[in-house]
Amino acid sequence: MSFQDIRLLGEILRHYPFSEQAIAKGQRPLLERLKISPDHRAKIMSEDMTALGLKWQIYATPIPNDLVIPAYCIPDTDFGKLNSENGNEAYKAEGIGLNEGNLIRLSKACEIGRKYFENQWPHKFKAAILNTKDHLSFIEELHWLNRWRRVSHIEYEARPFLKQECKKRVDWRFQSLGVTVNLEVKYRPRDWARTVDGSENHAVKSSYFADVPDKFPSQNPGELNLVAFSSLAPIDRSLQEEINTFLTEYNTIDGVLVWSMNSQDGRLYEIQSVSQKALIETLFTGIDQEDAAYIGQVRYQQRVSNERRALRPEEVPDYLDRTYRGI
C-alpha cells in the first residue's frame, strides 16, 4: 500500500487502533472520539507525501485482542538488525519509533505543517522529511512546535546567538504569547531499551544531552532557551536526576520538557526548570488527547530484566481503556 491510495488510508485511520471486528463489538476508534475527520487526514497526508515523491511502504499490523496498528517502513535506518550477531545491541530492535513511523502521527504532522507554513509546506521541509536517518526526529520537531500558545514569528533552524559568534542552529525560534522561545528538540530512539529493561539496566547518562549545550552559549534578554525530548521510555528517576544535573551545570538553558510515549502511570510529560517553570507552564499547552493515545510497537530480542515496563500485547486493551477514559 502506498501514500497515493487515499481511500485505503482513510479506512485505516477511520478504524485506528482497532480491527473492524472490534468496532463491530462496540469499540470506538480514536479519531471518532476526538471528532477528527479520517478522510481529511488521509487526503492531506496523501497529497503532501505524494508531492514529495515519498514511496515508503504502508502496512497495518494485527496484534492480539482485535488491535491493528498502522505503520510505514522507513528504509536504511540503523535499526532492524534483530538477527545480527555483531554490532550494537541498541540497534537489535525494530518497530514504530525505530525503523517504522506511526501513520496517525504522520497525518497529524501534515496538519501541523499546513497550519503554520501554508504554501511553504511540505516543500520547504523536503530534505528533513525524506532523510531516513532524521525523519522521525523531524516529525517530533513539528509536534513540539504545536504545543505552545499563540505561536507566531516562526524560524526553522534559527541562529539566535550570532551576535555571540555562535553559528549553531536550534530547531525552532518563535514567539508564544509574545515571549521569544529558542527550542531544541531531541528524539533518542535508542532509549527503547529503557522501556523494556528499565533504568535498573539502562540508566540515563549525560550523553542523552550530547550536542545540546553548545547550541545555547548564552541567554538573550527576555528570551527562553528550552530543550524538549520525545522519549520512548517512561519518565523515571534516572531521567529526572540527569535532567536536574544538566540544568545545574548549564545555566544558559532555562528548562527541559519531556513527553513520554510510553507512560503507564498517567504522567505524560514533565517540565524541569531552575527559575522559569511558571512561565514555561503558562506558555505550554501540554500533551493533547491524540498524543496521549500514542501506540508504538517495538520488537526485540529476548531480554533479561527484573524491571520490565513494556506492555505485552494482551495488556494493551486495558491501557487504551484507561487512556481513552474521558475522551
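Where a number appears in this text, it was derived from the coordinates with a stated rule and is not lab data. Just so you know, these numbers come straight off a predicted model, no measurement behind them. Here Cβ is always computed from backbone atoms with ideal geometry, including for glycine, and neighbour counts include all displayed protein chains.
Residue-wise, which Karplus ³J(HN,Hα) couplings in Hz belong to segment 106-116, taking 6.51 cos²θ - 1.76 cosθ + 1.60, θ = phi - 60°, and x for glycine or proline?
Here the 3J(HN,Hα) series is 5, 4, 5, 4, 5, 5, 5, x, 5, 4, 9 Hz.
7 Å from Cα along Cα→Cβ at both ILE63 and LYS205: what's the point-to-point distance in nm?
2.9 nm
For a footprinting-style exposure proxy, rank SER273, SER231 by other Cβ within 10 Å, fewest first. Walk me through the numbers before you get to the answer.
On the way: SER273 19, SER231 25.
Least crowded to most crowded, the residues run SER273, SER231.
If you average the sequence gap of Cα pairs under 8 Å that are 6 or more apart and divide by the length of the chain, what percent do you get for the contact order? Walk me through the numbers on the way to the answer.
Numbers: 549 pairs, mean separation 48.7, N = 327.
Contact order relative to length: 15 percent.
What does the net charge come to around ILE287 if you take all other residues with beta carbon closer than 11 Å to its beta carbon, with K and R at +1 and D and E at -1? Before the final figure, lay out each step's value.
Numbers: positive: ARG147, ARG267; negative: GLU270, ASP288, GLU290, ASP291.
It works out to a net charge of -2.
Work out how much length ARG150 to LEU8 would gain on full extension: take 0.36 nm times their residue separation and subtract the Cα-Cα distance, in nm to one decimal. Walk me through the numbers on the way to the answer.
Numbers: separation 142, 0.36 × 142 = 51.12 nm, distance 3.47 nm.
That pair, ARG150 and LEU8, stretches by 47.7 nm at full extension.
Taking the beta-carbon count within 10 Å as an exposure proxy, list MET45, MET1 from fewest neighbours to most. Intermediate values should be presented prior to the final figure.
Numbers: MET45 24, MET1 13.
Neighbour counts put them in this order, fewest first: MET1, MET45.
Restricting the count to DSSP beta bridges whose residues both fall in the chain, what percent are antiparallel, rounded to a multiple of 5? Working shown, then result.
Working: 28 of 43 bridges.
That works out to approximately 65 percent antiparallel.
Distance between Cα centroids, segment 139-160 to segment 106-137: provide it in whole Å.
12 Å
Determine ³J(HN,Hα), in whole Hz, for all residues of segment 165-178 in sequence, where each value follows from phi through the Karplus function 6.51 cos²θ - 1.76 cosθ + 1.60 and θ = phi - 60°; x replaces Gly and Pro.
6, 9, 9, 5, 9, 10, 4, 9, 10, 7, 10, 10, 6, x
Using unit Cβ charges (K, R positive; D, E negative) and no other charged atoms, how large, in debye to the nearest 20, is the dipole of segment 148-286 about its Cα centre? Before the final figure, lay out each step's value.
Details: 17 positive and 19 negative charges, 86 e Å.
So the dipole magnitude of segment 148-286 works out to roughly 420 debye.
Stretch SER275-TYR250 to full length: gain in nm at 0.36 nm per residue minus the Cα-Cα span?
Numbers: separation 25, 0.36 × 25 = 9.00 nm, distance 1.29 nm.
Using 0.36 nm per residue and subtracting the Cα-Cα distance, I get 7.7 nm.
Using θ = phi - 60° and the Karplus form 6.51 cos²θ - 1.76 cosθ + 1.60, what ³J(HN,Hα) does each residue of segment 213-220 get, whole Hz, x for Gly and Pro?
x, 5, 7, 10, x, 7, 10, 7
Given +1 on the Cβ of Lys and Arg, -1 on the Cβ of Asp and Glu, and no further charges, what dipole in debye does the chain carry about its Cα centre, rounded to the nearest 20?
Numbers: 43 positive and 46 negative charges, 119 e Å.
Here the size comes out at about 580 debye.
Taking the Cα centre of each part, how many Å lie between segment 168-188 and segment 245-278?
Each part reduced to its Cα centre gives a spacing of 15 Å.
Give the long-range amide H neighbours of GLU100: residues separated by 5 or more places, or on another chain, with amide H under 5 Å away, using H modelled in the peptide plane at 1.01 Å from N.
Counting only residues 5 or more places away or on other chains, the set is ILE74, GLY95.
Using only the Cα atoms, work out Rg/Rh for segment 148-286, with Rh taken as the Kirkwood radius, to two decimals.
On the way: Rg = 15.0 Å, Rh = 15.6 Å.
Rg/Rh: 0.97.
When the helices in the chain are scored as -39500 (n - 2.57) per DSSP H run of 4 or longer and the sum is shared across all residues, what 222 nm value do you end up with, to the nearest 500 deg cm²/dmol? Don't skip to the answer; put the middle values down first.
Values: 12 runs with 103 residues, N = 327.
The helix-only estimate for the chain comes to -8500 deg cm²/dmol at 222 nm.
Give the long-range amide H neighbours of LYS186: residues separated by 5 or more places, or on another chain, with amide H under 5 Å away, using H modelled in the peptide plane at 1.01 Å from N.
ALA228, PHE229, SER230
So how do VAL68, VAL170 line up by other beta-carbon neighbours within 10 Å, fewest first?
On the way: VAL68 17, VAL170 23.
Ascending number of Cβ neighbours within 10 Å: VAL68, VAL170.
Just to be sure I understand: of the beta bridges DSSP finds with both ends in segment 148-286, what percent are antiparallel, rounded to 5? If you can, show how the numbers build up before the last one.
Numbers: 15 of 29 bridges.
DSSP beta bridges in segment 148-286 are roughly 50 percent antiparallel.
Looking at [x] 24.6; [y] 23.6; [z] 17.0, which value of mean projected area of the Cα convex hull in nm² comes from a calculation on the structure shown?
Computing mean projected area of the Cα convex hull in nm² and matching it to [x] 24.6; [y] 23.6; [z] 17.0 gives [z].
In segment 1-32, which residues have a backbone nitrogen under 20 Å from the label point lying 7 Å from GLN289's Cα in the Cα-to-Cβ direction?
13-19, 23-24, 26-32
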